[in-house]
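Only one structure is covered here, and it is reproduced in the block below.
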Amino acid sequence: MPAPAIRVARPDDLDALVDLENRCFRGDRMSRRSYAAALHNPRAILLVSGARGSLLAAAALFFRSNSSATRLYTIAVAPEARGRGLGAALLDACEKTARKRGATALRLEVNVRNKSALALYRKSGYGIRERINRYYEDGSDALRLEKPLS
Ligand SMILES: CC(C)(COP(=O)(O)OP(=O)(O)OC[C@H]1O[C@@H](n2cnc3c(N)ncnc32)[C@H](O)[C@@H]1OP(=O)(O)O)[C@@H](O)C(=O)NCCC(=O)NCCS
């Protein structure tokens, strides 16, 4: 079965973005206010999959003026849509979008305990840059990962 289409989020996706975030993360959530700001921020791009009101997946990219590395701030797939390649397809779409905007690398942080996300990033070619102690609300460490895009 082909993966569902991936598109740029619109302001009217806000409720569904917040709902997806709440279903996918127990802590360290991106707030409604941050999503609302990102939807109107020219330095951010939100990519989503699914219909308005019932998103299957979402990712947030932030571009910095002083860095050629783009930050993948969050990526999430609805529990009922996992394990079918959507996370990998969304990550690939993020990389293509970042490359089009001139980024030479994609960076992200991931909880050292997040086995599924770590497996996804490893498979997609991300390497470890550093470990950050007690980065998350629950006291877990993060790994900062990076993939060159050139
Ligand atoms: C991480 C996440 C985005 C993966 O999405 P997904 O659509 O299920 O991933 P895919 O089906 O595209 O899987 C791609 C690869 O990731 C790895 N992977 C995904 N889920 C996995 C799991 N539960 N166990 C082990 N490896 C897993 C595998 O290598 C897989 O490739 P394979 O199917 O060929 O083995 C999803 O589990 C999620 O939203 N988790 C909650 C939010 C989160 O933790 N986001 C990451 C924040 S850094």
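The values are calculated or read from the model by the stated rules, or taken from the named source; none is laboratory data. Computed from a prediction, not measured in an experiment: that's the story for all the values here. No Cβ is skipped: glycine too gets one built from the backbone with ideal geometry, and neighbour counts run over all protein chains shown. Heavy atoms of the whole protein, side chains included, go into the accessibility calculation; ligands, DNA and RNA do not. Shrake-Rupley method; radii C 1.70, N 1.55, O 1.52, S 1.80 Å.
Brief remarks on what is shown
- Residue match in the stretch 11-30 (condition: aromatic (Phe, Trp, Tyr), free of Cβ contacts under 8 Å to residues at least 60 places away in the same chain and part of a strand (DSSP E or B)): no
- Criterion (surrounded by fewer than 21 Cβ atoms within 10 Å (Cβ to Cβ), at pLDDT below 95 and of a type in the set (Lys, Arg)) met by exactly one of ARG52, ARG84: ARG52
- The single condition from (1) open to solvent by 40 Å² or more (accessible area, probe 1.4 Å); (2) aliphatic (A, V, I, L, M); (3) closer than 29 Å to PRO11 by Cα that ALA78 fails is (1).
Let's see how each residue does on (1) closer than 24 Å to ARG64 by Cα; (2) surrounded by fewer than 18 Cβ atoms within 10 Å (Cβ to Cβ); (3) aliphatic (A, V, I, L, M):
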site: ASP92; (1), (2), (3): yes, yes, no
site: ALA98; (1), (2), (3): yes, no, yes
site: ARG101; (1), (2), (3): yes, yes, no
site: SER116; (1), (2), (3): no, yes, no
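- Candidates in the stretch 15-48 are the residues that are among the polar types (S, T, N, Q) and under 23 Å from ALA103 (Cα atoms); of these, the one that is surrounded by the most Cβ atoms within 10 Å (Cβ to Cβ) is SER34.
- Per the conditions (1) farther than 30 Å from SER150 by Cβ; (2) in contact (Cβ under 8 Å) with a residue 60 or more places away in the chain; (3) assigned to a helix (DSSP H, G or I), the sole criterion not satisfied by ARG33 is (2).
- ARG129 open to solvent by 40 Å² or more (accessible area, probe 1.4 Å) and more than 11 Å from the ligand (Cβ to nearest atom): yes
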